[in-house]
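To start, the structure itself, in structure tokens.
Read-outs throughout are calculated quantities, based only on the coordinates presented, and are distinct from any laboratory measurement. These numbers come from a predicted model, not from an experiment. Neighbour counts run over all protein chains shown; Cβ positions are idealised from the backbone, glycine included.
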Amino acid sequence: MLGVIIGVAAVIAMVAVGNGASQQVQATILSLGSNLVTVTPQAQTQNGLRAVGPVAQTLTLDDMKAIDDQLGGEIAAVEAEQQAGPWQITAAGQNWNTRVIGVTADYPAVRDWNVADGAFFDQSQINVDAQVAVLGAATAEDLFGDSDPVGQTIQMRSLFGGFGGNKHRARIINFKVIGVLEPKGTTFGFNRDDQVLVPTTTAQHVLTGRTTTVNSIVIKATSSEAMDQTTADVQNILLQRHKIADPANADFQVLNQNDTLSALNTITGTFTLLLGAIGGISLLVGGIGIMNIMLVSVNERTREIGIRKAVGARRRDILSQFLIEAITLTGTGGLLGILLGWAITEVAKRLEAGLPVAITPGTIAVAVGVSVCIGVVFGLYPAMRAARLHPIQALRYE
């Protein structure tokens, strides 16, 4: 029974780590926003060969507006983003380097990311290239500490020149802080709270000079079930706008968040299965131990079996007796193993803060079911051997 206890505990603990990792990956993906369809540029195709040309920069704000106009109520929201690169930010005597991103007004709705203080910029500010900014929580804290950033002015600085004996020159642009985002934490090693958001048009005309294109368009579907249809609709709209007949020659790619989650779940599922298989080896060893013990028990109780048969016990009575004993041993071991596995995960969580572990009802059911099946499989041979004993030979056994 000890072998079964250790085996079940190993399965519970290892699969809990795998399930925890899977849930953590899903939560990380969904923290970027739920039900997302993302459009990004991709290398042009020439003569059936991908990436022989440069990466096409053909996504525009007009593409985003066309998607919004044509799909309308079939999508929840849509926004476009323009990466403006890293900038040196100074404010209130503090100096900080962070990335600046140009976004449109529906960014909070698409990304499920609300403003904690102040307000987000609206379409009127986007139309006039307003020099306003919304700070990430970490950026706001680094620049202003405990002070309220809303209403304050920040300076964005970048250096240019420095070639041919020329000195570096600093480009300094003032922005007014109108809001601070809620904390989001880290995603795949990147601190999402360390950023500055500005209107997309401001990023295009004031910061980057790329006045026509955007780096990505992000669409929020109405539900997970509608994502495939939304993906197809977005692709058809952009193919028509870019005058591309063959989707294989598209200068953009449309990524579905469900596909990303499915791929990651396949990876984490394989990882969980591997961990469970390693724990299952312990269960197999425990089952072999049960079979050996039951064979010894049959030999030691040969006279008892003979007496029972002599007074009328049938083969199935002897068979069921030993099977019940084996199942009782493995079933009890399985229940004790669940408690031990739960205790191991609790200790692991306390020793290693942030370790993802998740014990699911399905894992418990599988562990107990497998332990009982092991009792049946490895207890069957000893039980059949006991049931086949001849009563006279059993009674004469010493």
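The convex hull defined by the C-alpha atoms of the stretch 43-250 has an orientation-averaged projected area of 14.6 nm². Computed from the C-beta positions of residue 229 and residue 295, the FRET efficiency with R₀ = 56 Å rounds to 0.35. Once the C-beta distance of residue 317 and residue 278 is scaled by a Förster radius of 35 Å, the resulting FRET efficiency is 0.35 to the nearest 0.05.
Computed extension length for residue 128-residue 261: 44.0 nm, one decimal, from 0.36 nm per residue of separation with the Cα-Cα distance subtracted. With θ taken as phi - 60° and the Karplus curve 6.51 cos²θ - 1.76 cosθ + 1.60 applied, the whole-hertz 3J(HN,Hα) list for the stretch 127-133 is 5, 9, 6, 4, 8, 10, 9 Hz, x standing for glycine and proline.
What the phi angles of the stretch 88-98 give under the Karplus curve with 6.51, -1.76 and 1.60, with θ = phi - 60°, is a coupling list of 7, 10, 10, 6, 6, x, 9, 10, 8, 10, 8 Hz, glycine and proline written as x. Working from label points 7 Å from Cα in the Cα-to-Cβ sense, the residue 332 to residue 173 distance is 7.5 nm. Of all lysines in the structure, the ones whose alpha carbon falls short of 24 Å from that of residue 184, not counting any fewer than 8 places away in one chain, are 176, 220, 349. Per the Debye formula on identical point scatterers at the alpha carbon atoms of the chain, with no solvent, log10 I(q)/I(0) at q = 0.10, 0.13 Å⁻¹ is -0.82, -1.09.
Whole-Hz Karplus values for the stretch 140-148 come out as 4, 5, 5, 8, 10, x, 8, 6, 7 Hz, taken residue by residue from phi with 6.51 cos²θ - 1.76 cosθ + 1.60 and θ = phi - 60°; glycine and proline positions read x.
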